[in-house]
Amino acid sequence: MPNSPEFPVIRPRRLRRTAALRRLTAETRVHPSDLVLPVFVKEGLTEPVEIATMPGVYQHSVDSVRKLAVDAARAGLGGIMPFAVPLVRDAIGSAATDPNGILNVTTRAIKEEIGDDLVVIPDLCLDELTDHGHCGVLRPDGSVDNDATLVRYGEMGLALAESGADLLGASGMMDGQIGYVRAALDAAGHTDTGLLAYAVKYASAFYGPFREAVESQLQGDRRTYQQDPANAAEAIHELELDLEQGADIVMVKPALPYLDILRTVADRSPVPVAAYHISGEYAQIVAAAERGWINREAAIMESLTSIKRAGAGIIATYAAMEAAALLR
Ligand code: PBG
């Protein structure tokens with residue numbers, strides 16, 4: 001026997017040789033219908049205004065978001081997720097429950113435009129609407145009052161259901177919010193309005209550009225209600241609570257820094273799992289691509305593929321339209 005090195009018999013590279021082989025053997029595929037487009041709608045705007053921290057993303061007028069919703073439906077997206085930028089804010093986020101408040105107006109306008117062609121998921125949270133920028137109402141000492149906030153969420157949920165929302169994006173991280181809003185909806189006969197629970201939501205530095213987009217008034221942080229990035233077991237607790245309370249879909253947010261959490265949630269959840277590829281994740285790609293440091297399209301598709309591979313069947317992303325075009 002000649003004393004030669006042993007060359008491999010098993011060669012994984014065989015299946016990577018051509019694009020056709022790679023396509024045939026891909027385990028994960030992103031489809032436009034997996035994608036949900038978050039949109040910002042500012043009261044009083046006549047023309048869309050680009051958001052400085054999120055190039056390519058706009059604060060929309062009600063008219064321009066109607067057009068965008070039509071384009072999104074044509075592109076085959078799964079859904080659209082409106083966020084409000086009101087002209088007037090107050091301590092309890094009164095605009096949330098005003099039928100003429102910008103989020104209710106937007107929800108009705110989008111539904112009128114596209115009917116059931118897209119799933120419409122307005123944000124059920126007070127932070128865009130309060131003058132202090134917190135996700136709930138405050139006690140005199142400035143802390144967020146969980147149960148008083150639930151009452152506002154119940155009222156807001158009803159207003160959005162009446163405006164035609166398919167699902168409500170419950171993003172406030174108050175204890176018991178899913179059960180409370182579910183009961184409020186059911187008591188009013190809105191048994192078909194679903195809840196997309198931001199079951200697992202971390203207090204993240206990557207929300208920065210979003211706060212710019214909604215002109216958030218927040219001073220300080222959300223660490224008394226959003227989760228500590230150091231914790232994983234807590235995510236299971238949050239997931240179980242939201243499932244018990246009737247969440248129809250559970251979401252993990254942010255996405256890329258929390259793919260381990262997403263995998264754990266996906267392995268345990270009997271309901272569909274979503275992940276939110278958030279503003280800071282989008283902005284990092286755009287900023288680096290603008291400098292010529294990374295390839296924008298490739299980085300977007302790799303991010304979405306990785307999020308799906310980690311277990312999200314649904315991905316909320318600012319790059320939804322771009323990704324749908326790339327997938328065509
Ligand atoms: C709260 C909410 C936030 C985001 C979505 N819903 C902001 C926050 O929790 O501070 C952030 C999304 C993003 O960064 O893209 N209503």
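Nothing in this text is a laboratory measurement; each read-out follows from the coordinates by a stated rule. Please read these numbers as outputs of a predicted model, since none were measured by experiment. Because the Cβ atoms are built from the backbone with ideal geometry, glycine has one as well, and the counts that use them run over all protein chains shown.
Quick notes on this structure:
- Here the chain carries DSSP beta bridges of which approximately 10% are antiparallel, counting only pairs with both residues inside.
- Helix 177-187 vs. the chain, principal-axis angle (Cα, 0 to 90°, nearest 10): 60
- Relative contact order (%) - criterion: Cα under 8 Å, at least six apart; region: the chain: 18
- Ordering 148-157, 7-16, 97-106 by mean Cβ neighbour count within 10 Å, with the highest value first, yields 148-157, 97-106, 7-16.
- Counting 0.36 nm for each residue step from residue 212 to residue 26 and taking away their Cα separation leaves a gain of 63.2 nm.
- Once you reduce segment 154-212 and segment 38-110 to the center of their Cα atoms, the two points are 17 Å from each other.
- Folded to 0 to 90 degrees: helix 102-114 orientation relative to the chain principal axis, Cα: 60
- Annotated for segment 29-327: lysine pairs at least 8 residues apart or interchain, Cα distance under 17 Å, count 4.
- Summary value for segment 236-282: 43 percent relative contact order, contacts being C-alpha pairs under 8 angstrom separated by 6+ residues.
- Sorted peptide list for 58-71, 39-52, criterion being average Cβ within 10 angstrom, highest first: 58-71, 39-52
- Relative to the Cα centre, the charge distribution of segment 29-327, modelled as +1 at Lys and Arg Cβ and -1 at Asp and Glu Cβ, gives a dipole magnitude of about 640 debye.
- Available extension along the chain between residue 9 and residue 112 is 31.0 nm, counting 0.36 nm per residue and deducting the alpha carbon span.
- Values of log10 I(q)/I(0) for the chain across q = 0.07 Å⁻¹ run -0.29, by the Debye formula with one identical scatterer at each alpha carbon and no solvent.
- Averaging the sequence gap over all C-alpha pairs within less than 8 Å and six or more residues apart, then dividing by the number of residues, gives segment 133-189 a relative contact order of 35 percent.
- Rounded tilt (10° steps) of 259-268 against the dominant C-alpha axis of the chain: 80
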